[in-house]
Amino acid sequence: MSLNKEQFLQAYRTMRTIRDFEYRVSDEFGKGNIPGFLHLYAGQEAIATGMCMNLDDDDYIVSTHRGHGHCIAKGGDVGGMMKEIMAKQGGSCAGKGGSMHIAAVEKGMLGANAIVGGGPPLIVGAALSAKTLGTDRVGVSFTGDGGSNQGTTFEAMNLAVVLKLPAIFMFENNGYGEGTAAGYAVGSKDIASRAAGFGMPALKVDGADIFATYETCKKAVKHCRSGKGPIAIEASITRFRGHFEGDAQAYRGKNEVKRLMKELDCLKIAADNAIKKKLVTKAALTKIDKEIGVYINEAAEAALAAPSPDVSELLTDVYSSAY
Amino acid sequence: MPIKTYRQAINEAMAQEMRLNDKVIIIGEDVAGGAGCDGERDAYGGVMGVTKGLFPEFGESRVIDTPITESAIMGAAAGAAQTGLRPVAELMFMDFLGVCFDQIYNQAAKFRYMFGGKVECPMVVRTMAGAGLRGGAQHSQNLTQMVTMVPGLKVVCPTNAYDAKGLLITAIRDNDCVIFVEDKFLYETSCEVPDEVYTIPFGEASFLREGSDVTIVGISNTVNKAVAVADRLAEEGISCDVIDPRTTSPLDEEAIIESVETTGRLVVVDEMTPRCGVAADISSIVAEKAFGALRAPIRKVTAAHSPIPFAPALEDAWMPQESDIEAAVREVLGYTR
Ligand SMILES: Cc1ncc(C[n+]2csc(CCOP(=O)(O)OP(=O)(O)O)c2C)c(N)n1
Ligand SMILES: [Mg+2]
């Protein structure tokens with residue numbers, strides 16, 4: 001088994017944090033406490049977790065519109081995120097970004113992105129910095145199956161190969177880009193097989209299995225750090241929620257979500273596997289669940305109580321120098 | 001006459017033109033929705049439901065769901081327009097112009113001129129603009145100024161359901177590339193809209209209120225705010241001419257200038273950043289062509305010079321509000337040399 005006990009507990013804790021965070025923001029959205037659009041990562045936790053456990057704080061990631069999980073997995077401050085999503089003072093982006101622009105720049109999480117396909121070229125740049133400055137950092141772009149079809153993604157993959165950069169293109173194939181199936185929109189047989197056309201290797205993994213995901217990401221990071229250039233990963237997964245909160249999901253099959261939530265619940269699969277293999281006890285996991293529950297609740301209550309940003313901040317930070 | 005929403009009016013314009021002309025096609029992301037899925041087809045009909053019902057009627061050869069691929073959507077529409085189709089391409093949010101602008105402004109807009117007048121590009125780009133939904137910096141912008149400045153593009157900004165239908169039919173029949181900017185705030189608004197097919201010519205402003213003290217010109221939903229302000233001020237005896245240009249390219253300069261010649265005062269409102277915007281453009285035209293008539297400096301009411309913030313308190317401060325328009329009207333009225 002790849003993850004040792006300590007690592008597994010860390011992975012479980014991160015996945016549980018993401019899950020609870022997402023369900024809490026979903027509740028708060030329902031109560032009218034969160035403005036704007038909300039795209040939740042529930043169901044996909046093992047992918048961000050398995051990847052980010054293989055990264056250091058000074059490695060870089062870029063994310064998508066569905067970015068809370070990536071931010072938490074990279075070590076983003078949950079309290080600041082909660083405040084950001086609720087548009088409050090003390091938010092990690094000063095209330096100016098919101099859910100779709102959640103970021104933890106101090107932890108190398110260079111930002112969620114509301115432009116599909118916006119991230120891959122940016123991670124090429126982060127990998128270029130690493131290579132040029134001679135650090136051993138790597139850059140990872142998280143991109144959806146939908147985003148895998150953007151021209152920006154293709155250009156970024158090619159450039160990363162040409163410049164032989166330490167970039168990982170992580171494709172999270174959750175089956176849908178909004179209400180369109182990946183099976184329709186991705187013209188090739190899968191996403192991973194495209195990588196060869198660009199001249200980079202690719203790995204495929206079951207994104208609901210934290211053990212496999214961790215192991216696959218480890219290989220990819222090792223590949224990059226050893227100077228072999230970029231690599232792609234396709235992780236298959238499902239999303240538990242609609243494309244956005246409030247999505248009626250009429251395009252999904254009858255009982256599809258219910259069934260997949262049972263079959264592909266990464267937290268449940270992780271717990272069952274670990275307990276069966278006697279890596280951990282159920283009691284240990286229940287204890288984590290309780291701790292995280294308290295932690296998320298505290299973050300949410302603090303965010304609810306926080307004041308809105310002051311209007312005087314409207315014109316700050318447009319430029320870095322006086323304007 | 002039947003009452004219809006802005007959404008229904010736009011949908012009806014497309015449906016009627018598609019029935020009349022089988023060269024008209026719809027292409028974009030989730031314009032039907034459900035492609036390749038186990039559930040329902042036409043599950044979205046566009047993210048705001050504007051194209052809903054077109055797929056069941058016209059089928060997948062004329063209502064085309066694409067991957068997320070704006071450059072290819074716009075380029076394919078332009079190429080198809082050049083070769084016999086009349087595409088109505090959807091750009092889900094106007095902010096995504098950044099992803100595909102080359103195909104619009106270097107390709108579609110320039111074919112005709114570059115190729116010596118031998119080519120036509122009868123395509124429409126339907127897109128959605130406007131702040132206030134807390135969509136943040138990349139889902140809230142109105143970038144009408146960016147397309148208005150491009151020779152070869154025509155730009156339409158309907159502000160009510162009646163205009164939306166007539167202007168969209170005109171756009172679909174037009175042989176140039178037309179950018180049709182829908183304001184997200186207006187989809188649920190309604191007014192009388194005839195069932196019949198009708199067109200509204202480009203370059204003809206509509207006068208929403210007539211008055212003699214101040215001219216207010218508004219683009220997109222800001223014109224509706226201007227009307228509300230004008231109605232309030234009318235109770236105080238202040239009378240405003242409220243002009244909706246309806247198309248920013250071509251622009252009905254004459255209507256604006258004639259109005260300023262009687263009122264002597266101009267307030268121009270848009271929801272764009274202040275530099276190089278449509279309000280700035282209209283101001284410059286009036287300063288150039290009606291300087292002698294002006295009794296006060298022109299007042300622009302625009303958004304702030306910043307990306308659009310997420311937090312509601314900040315976004316509200318960013319956007320031009322009715323109170324800003326009212327203050328501007330009072331300012332130009334109170335001006336003395
Ligand atoms: C350039 C651009 N086009 C379209 C959209 C609208 N949009 C937001 S998310 C999304 C679907 C993305 O699908 P995918 O990449 O698979 O990510 P997922 O939502 O499944 O996480 C679309 C079409 C956008 N935000 N940006
Ligand atoms: Mg997807």
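The values are calculated or read from the model by the stated rules, or taken from the named source; none is laboratory data. Here the structure is a predicted model, which is why all the values come from computation and not from measurement. Every residue, glycine as well, gets a Cβ built from its backbone with ideal geometry; the counts of neighbours run over all protein chains shown. Accessible surface is based on the protein model in full, side chains and every heavy atom, while ligands, DNA and RNA are left aside. Shrake-Rupley method; radii C 1.70, N 1.55, O 1.52, S 1.80 Å.
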Out-of-range pairs (alpha-carbon distance over 21 Å; input A:LYS131/A:LYS228; A:LYS204/A:LYS258; A:LYS268/A:LYS290)
A:LYS204/A:LYS258
Excluding ligands, DNA and RNA, what is the solvent-accessible area per residue of segment B:282-337 at a probe of 1.4 Å, expressed in Å²?
47 Å²
Nearby aspartates and glutamates by direct alpha-carbon distance to A:LYS277 (threshold 15 angstrom, same-chain neighbours under 8 apart not counted)
A:GLU6, A:ASP209
Based on DSSP, what percent of beta bridges with both residues in the protein assembly as shown are antiparallel, to the nearest 5?
15 percent
Using every Cα-Cα pair within segment B:55-141, state what percent have a distance larger than 17 Å.
53 percent
Residues listed by number, segment B:26-45, amide nitrogen under 15 Å from A:LYS254 label point at 7 Å toward C-beta
B:38-41
Can you list residues from other chains, or at least 5 along the same chain, whose modelled amide H is less than 5 Å from the amide H of B:MET272?
B:ALA303
Roughly how big is the B-A contact, given as buried accessible area in Å² (both sides, 1.4 Å probe, nearest 100)?
3300 Å²
Could you check the simple spin-label distance between A:SER129 and A:SER2, using points 7 Å along Cα→Cβ, in nm with one decimal?
2.8 nm
Dipole axis of segment A:5-306 (+1 Lys, Arg; -1 Asp, Glu on Cβ), positive-most option in A:GLY69, A:ASN113, A:LEU203
A:LEU203
Tally the DSSP beta bridges in chain A and give the antiparallel ones as a percent, rounded to 5.
10 percent
10 Å Cβ neighbours from other chains, averaged over peptide B:63-74:
5
Alpha carbon centre of segment A:146-199 versus segment B:15-89: separation in Å?
24 Å
Could you give the radius of gyration (one decimal) and Dmax (whole number) of the Cα atoms in segment A:160-292, in Å?
17.7, 51
What's the FRET efficiency of B:ILE285 with B:ALA228 using the Cβ-Cβ distance as r and R₀ = 35 Å, to the nearest 0.05?
0.85
Could you tell me the largest-minus-smallest coordinate of the C-alpha atoms of segment B:206-334 on each of the three principal axes, in descending order and whole angstroms?
42, 33, 25
Output the antiparallel fraction of DSSP beta bridges having both residues in segment A:170-239, as a percent to the nearest 5.
20 percent
I need the calculated FRET efficiency for the pair B:THR83 and A:LEU315, taking r as the beta carbon distance and R₀ as 45 Å, to the nearest 0.05.
0.40
Point-charge dipole on Cβ atoms (K/R +1, D/E -1) for the protein assembly as shown, about Cα centre, debye to 20:
2580 debye
Given backbone amide H placed at 1.01 Å from N, residues whose amide H is under 5 Å from that of A:ASP247, ignoring those fewer than 5 places away on the same chain, are A:GLY242
Which of rounded, prolate or oblate describes segment A:51-192 when judged by the alpha-carbon gyration tensor and an a/c cut-off of 1.5?
oblate
5 angstrom amide H check on A:ILE102, placed H, neighbours 5+ away:
A:ALA112
Per residue convex hull volume, Cα only, the protein assembly as shown, in Å³ is 168 Å³
Measuring from label point to label point, each 7 Å out along Cα→Cβ, what is the A:LYS189 to B:GLU204 span in nm?
6.0 nm
Spacing of the two label points (7 Å from each Cα toward its C-beta) at A:VAL161 and B:LEU20, in nm:
4.9 nm
Segment B:91-99 - phi-based ³J(HN,Hα) in whole Hz, Karplus 6.51/-1.76/1.60, Gly and Pro as x
10, 3, 10, 4, 4, 6, 3, x, 6
Normalised radius of gyration for chain A, please: alpha carbon Rg relative to 2.2 N^0.38 Å, two decimal places.
0.97
Can you tell me the length gained on complete extension of the stretch B:MET1 to B:SER61, counting 0.36 nm per residue apart and subtracting the Cα distance?
18.2 nm
Over chain B, volume per residue of the alpha carbon convex hull, in Å³
137 Å³
From the backbone phi of segment B:59-75, what are the Karplus-calculated ³J(HN,Hα) couplings (6.51 cos²θ - 1.76 cosθ + 1.60, θ = phi - 60°) in whole Hz, Gly and Pro given as x?
x, 6, 7, 10, 10, 9, 7, 10, x, 7, 6, 4, 4, 5, 5, 5, x
Given the options A:GLY98, A:GLY79, A:GLY151, which has the most mean-square fluctuation in a GNM of chain A, springs set between C-alpha atoms less than 10 angstrom apart?
A:GLY151
Using the Cα atoms as the points, what is the convex hull volume per residue of segment B:76-217 in Å³?
138 Å³
